[in-house]
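Inspection log for the structure reproduced underneath, given as structure tokens.
The values are calculated or read from the model by the stated rules, or taken from the named source; none is laboratory data. Quick caveat: nothing in here was measured; it's all calculated off a predicted structure. Here the Cβ positions follow ideal geometry from the backbone for every residue, glycine too, while neighbour counts run over all protein chains shown.
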Amino acid sequence: MSSYSELIKNFEKIRAYMREFYIYGFKSREDYQTKSARSYDDERRRIESWLGNHMSFVRTAEGKNVFISIDSRTIRHNPFYHAWKAKSFTDRDITLHFILFDILHEPTIKRTVSGLLSEIDGKYLCGFENPMVFDESTVRKKLKEYCESGIIIAEKEGRKVYYHRTEDVDLSALSDILHYFSEAAPCGVIGSFLLDKSEAKTEVFTFKHHYITGAMDSGVLAALFTAMREKRTVTVTNCSQQKNLRIQIRLVPLRIFISAQSGRQHLISYVPSKNRFSSYRIDYLSDIKIEEPTPRFDELRAELDRMQNKIWGVSVKKNKWKIQNTEHVEFTVRIEEGEDYIVRRLEREKRIGKVERLDAYTYRFSADVYDTSELMPWIRTFICRIVQMNFSEKAHENRFKEDLKEMYRMYGIGEEEDE
Amino acid sequence: MIFSELYCAYYNTVAAIISRIIKGGCSEKDLQQIVRGRAFGESALTIIPSLKNEKWQLIHDDMTTPLTHQPTMPLTVMQKRWLKAISLDPRMKLFGVKFPDLDDIEPLFTPEDYCIYDQYSDGDPYEDEGYIRQFRVVLQAIREKSQIKFEMTNRRGNTMFVRCRPLRLEYSEKDDKFRVITVGNRFVSTVNLARMRSCVLDHGKQQLYGGESEIKYETVTVRILDERNALERFMLHFAHFEKQAEKLDEKHYLVKIRYDRRDESEMVIRILSFGPMAEVIDSDAFRNLIMEKLKKQKSCGLK
């Protein structure tokens with residue numbers, strides 16, 4: 001039986017646990033039935049070890065609930081990045097790593113594999129009681145890995161292959177930049193890796209409305225960006241939470257849609273087998289396999305550009321290539337004296353919509369979109385001043401009005417008048 | 001691939017330990033301190049024994065090392081691709097720093113590859129020369145713990161002359177704005193950077209008035225009806241707050257959220273956006289704010 005370690009080999013499992021602990025946080029140990037109790041205990045202990053005082057516990061009738069509670073406004077660095085810094089390795093991996101870079105400590109120093117081997121044995125390991133033995137294929141394999149990562153370069157001179165380290169990049173002036181973008185740019189965890197290389201403490205920035213959960217999806221995001229840059233098709237596994245199904249889909253990734261207001265990230269893609277544009281939640285995607293380049297990428301991206309003035313959020317609602325159905329949404333608000341901020345709100349939040357002034361106190365918002373339902377939460381934020389609505393999809397308009405009635409009932413509004 | 005031992009906290013910690021040993025005079029206490037500062041809660045139980053017991057053959061039992069150079073590692077291609085990607089961001093100009101030469105590197109992403117679709121459209125003017133100048137003054141003042149002075153127009157439309165010490169810059173992705181958190185001025189504690197004018201470093205006498213104003217927190221308790229995927233949407237939407245959730249039955253959940261009292265109006269409309277799937281249970285004052293909105297809506301005559 002293997003013993004517990006803080007480090008992990010596979011990120012997927014911990015990704016699911018951290019999400020559960022952070023987003024929900026009301027499940028007890030018994031609720032994690034799909035996993036073994038030992039697995040639950042180990043993962044909980046690991047997360048506790050990485051996140052320290054961000055972990056909380058509460059006792060309920062069902063048992064002890066573990067959750068992660070973080071006010072992201074009060075932290076300067078995303079604590080979820082710790083999970084990405086917990087990849088396991090072997091004793092031989094770490095030993096070889098430090099020795100190789102000690103030998104190749106300058107880009108000008110070049111060694112063949114046999115040269116490296118003799119130095120490893122003769123200079124570094126001979127002083128230990130039971131020295132490790134590295135054979136040629138192990139060293140060669142590690143060097144190949146490092147060449148792929150871009151930290152070592154292999155150069156052929158005649159019949160011999162020499163290895164040397166790549167040139168360093170000076171990051172000393174970039175501390176503030178790395179701090180800011182490690183929190184504000186996609187795949188910010190990579191910025192955090194760069195910050196780890198520096199001794200300088202950067203504390204200049206804090207972040208409001210800061211969704212830190214996206215950190216857990218950085219691997220998926222990096223793979224999708226790579227595929228987009230290389231204009232390639234990918235095969236992904238989509239795990240729909242509602243249907244609890246895992247489905248493999250082959251698609252052309254076109255653009256990542258990030259929400260600054262809901263913490264969700266989506267991939268908008270084209271699915272060749274269905275001749276359709278589709279959006280997928282990034283946190284439901286895994287096992288991204290990058291495949292062959294597609295000659296249609298530029299054409300599909302251009303079509304998405306055209307479609308974007310009809311997309312309110314992320315829904316492309318069953319739009320087949322060149323066949324698009326749009327829905328009309330319109331509502332009117334009445335403002336009072338001194339409520340110009342409502343007009344400013346409409347203007348800055350209208351996205352693809354249009355705001356018209358009907359008179360000094362009345363303004364109308366309208367938009368033609370693929371999916372009316374995406375606007376409903378936003379329209380509700382104008383509750384207390386909506387005087388008229390006109391949706392082409394009457395079912396949605398009726399739903400909105402029914403919801404209002406339900407809210408009146410919930411809060412006992414109007415009951416005073418009825419009595 | 002970004003899940004790699006090359007970025008592992010253990011590798012960084014061991015590099016720091018070796019550096020310290022090469023410099024000389026590394027005690028057991030120093031080792032513990034390095035591990036505590038760079039790795040995780042239980043790392044000391046693995047890292048120190050692994051080095052001392054020669055499992056990782058990098059340090060002898062007399063605390064010497066056969067390594068002769070401070071451990072460093074060049075940047076990986078992935079790190080360079082990310083750096084190249086952020087170098088394309090318009091906000092990079094704010095910092096006024098010469099970026100490393102990455103001409104032969106393909107960016108990990110470009111602004112074409114993603115969009116933040118619900119960001120407010122009146123974000124800060126990152127290309128504006130005056131704004132860039134002020135950003136740099138504020139950044140320098142934060143680093144040097146200096147005072148600044150500037151002009152701004154208050155809510156009543158009057159010009160104010162402000163002298164204060166900036167503590168940090170707070171960025172909101174939703175608003176796409178930087179705010180300057182300050183101390184030393186009784187009237188101004190948070191200022192939108194874009195509203196500041198003629199901002200300069202002020203090397204005059206340090207003002208003594210007050211420290212950072214303490215945030216006053218309130219708690220709102222909301223009952224969620226888990227229909228139309230409301231629970232997941234709600235928990236994600238409010239994920240950036242300190243919160244606690246409890247399951248009441250198969251369809252109902254109770255969520256307590258701790259928020260800054262100054263953001264109450266924003267909280268009200270954010271909770272309203274969930275419609276009948278989110279009912280405020282507590283506090284009464286917060287519930288009343290929702291009820292006021294609903295009463296007013298009822299009188300709007302929406303048919």
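Return yes when B:D103 is more than 8 Å from every other protein chain (Cβ to nearest Cβ), farther than 20 Å from A:E183 by Cβ and not in a helix (DSSP H, G or I) and no when it is not.
On the way: more than 8 Å from every other protein chain (Cβ to nearest Cβ): yes; farther than 20 Å from A:E183 by Cβ: yes; not in a helix (DSSP H, G or I): yes.
Against the criterion (more than 8 Å from every other protein chain (Cβ to nearest Cβ), farther than 20 Å from A:E183 by Cβ and not in a helix (DSSP H, G or I)), B:D103 qualifies.
Among residues of the range B:12-23 that are under 14 Å from B:R36 (Cα atoms), none has a beta-carbon under 7 Å from a residue that is polar (S, T, N, Q) and surrounded by fewer than 20 Cβ atoms within 10 Å (Cβ to Cβ) at least six positions away or on a different chain.
Consider the range B:227-252 and keep the residues that are more than 7 Å from chain A (Cβ to nearest Cβ) and touching a Lys or Arg at 6+ places or on another chain (Cβ under 8 Å). The one that is farthest from A:G214 (Cα to Cα) is B:L248.
Which residues, taken from the range A:68-97, are in a strand (DSSP E or B) and in contact with an Asp or Glu (Cβ under 9 Å, 6 or more places away or on another chain)?
If we filter the range A:68-97 for residues that are in a strand (DSSP E or B), which is where we start, we get A:68, A:87.
Scanning the range A:68-97 gives a single hit, A:K87.
Just to be sure, is B:R136 in a strand (DSSP E or B) and within 12 Å of chain A (Cβ to nearest Cβ)? Before the answer, list the steps.
On the way: in a strand (DSSP E or B): no; within 12 Å of chain A (Cβ to nearest Cβ): yes.
No: the conditions fail for B:R136.
Answer yes or no as to whether A:S69 is at pLDDT below 85, within 8 Å of another protein chain (Cβ to nearest Cβ) and surrounded by 15 or more Cβ atoms within 10 Å (Cβ to Cβ). Before you say what the answer is, go through the steps one by one.
On the way: at pLDDT below 85: yes; within 8 Å of another protein chain (Cβ to nearest Cβ): yes; surrounded by 15 or more Cβ atoms within 10 Å (Cβ to Cβ): yes.
Criteria met by A:S69.
Kindly indicate which of B:V35, B:V97, B:V77 is free of Cβ contacts under 8 Å to residues at least 12 places away in the same chain and either surrounded by 13 or more Cβ atoms within 10 Å (Cβ to Cβ) or within 7 Å of chain A (Cβ to nearest Cβ) (or both).
Numbers: B:V35 fails: free of Cβ contacts under 8 Å to residues at least 12 places away in the same chain; B:V77 fails: free of Cβ contacts under 8 Å to residues at least 12 places away in the same chain.
Checking each option against the conditions leaves just B:V97.
A:R264 meets each of the listed conditions (1) modelled with pLDDT under 95; (2) more than 9 Å from every other protein chain (Cβ to nearest Cβ) apart from (2). Filtered by the rule that a residue be in a loop (DSSP other than H, G, I, E, B) and either more than 10 Å from chain B (Cβ to nearest Cβ) or under 18 Å from B:F241 (Cβ atoms) (or both), the range A:16-62 gives A:G25, A:F26, A:Y32, A:Q33, A:T34, A:K35, A:S36, A:A61. For the range A:108-132, filtered to residues that are under 41 Å from the mean Cα position of the chain (by Cα) and exposed (fewer than 14 other Cβ atoms within 10 Å of the Cβ), the residue that is farthest from A:D168 (Cα to Cα) is A:T112.
In summary, A:L116 fulfils each of the numbered conditions (1) in contact (Cβ under 8 Å) with a residue 40 or more places away in the chain; (2) within 30 Å of A:D176 (Cα to Cα) with the single exception of condition (2). For the range B:69-90, the condition holds for at least one residue, the condition being that it is outside any loop (DSSP other than H, G, I, E, B), polar (S, T, N, Q) and either closer than 30 Å to A:M216 by Cα or out of contact with any Pro (no Cβ under 9 Å at 6 or more places or on another chain) (or both).
For the residues A:E336, A:E349, the requirement of being surrounded by fewer than 15 Cβ atoms within 10 Å (Cβ to Cβ), at negative phi, among the acidic types (D, E) and touching a residue at least 24 places away in the same chain (Cβ under 8 Å) singles out A:E336. Is one or more of the residues making up the range A:310-327 free of Cβ contacts under 8 Å to residues at least 40 places away in the same chain, basic (K, R), at the interface with another protein chain (Cβ under 8 Å from one of its Cβ atoms) and out of contact with any strand residue (DSSP E or B) (no Cβ under 6 Å at 6 or more places or on another chain)? For the range A:310-327, residues free of Cβ contacts under 8 Å to residues at least 40 places away in the same chain, basic (K, R), at the interface with another protein chain (Cβ under 8 Å from one of its Cβ atoms) and out of contact with any strand residue (DSSP E or B) (no Cβ under 6 Å at 6 or more places or on another chain): absent. Filtering B:S4, B:S43, B:S27 for residues that are farther than 27 Å from B:F99 by Cβ and within 7 Å of chain A (Cβ to nearest Cβ) leaves a single hit, B:S43.
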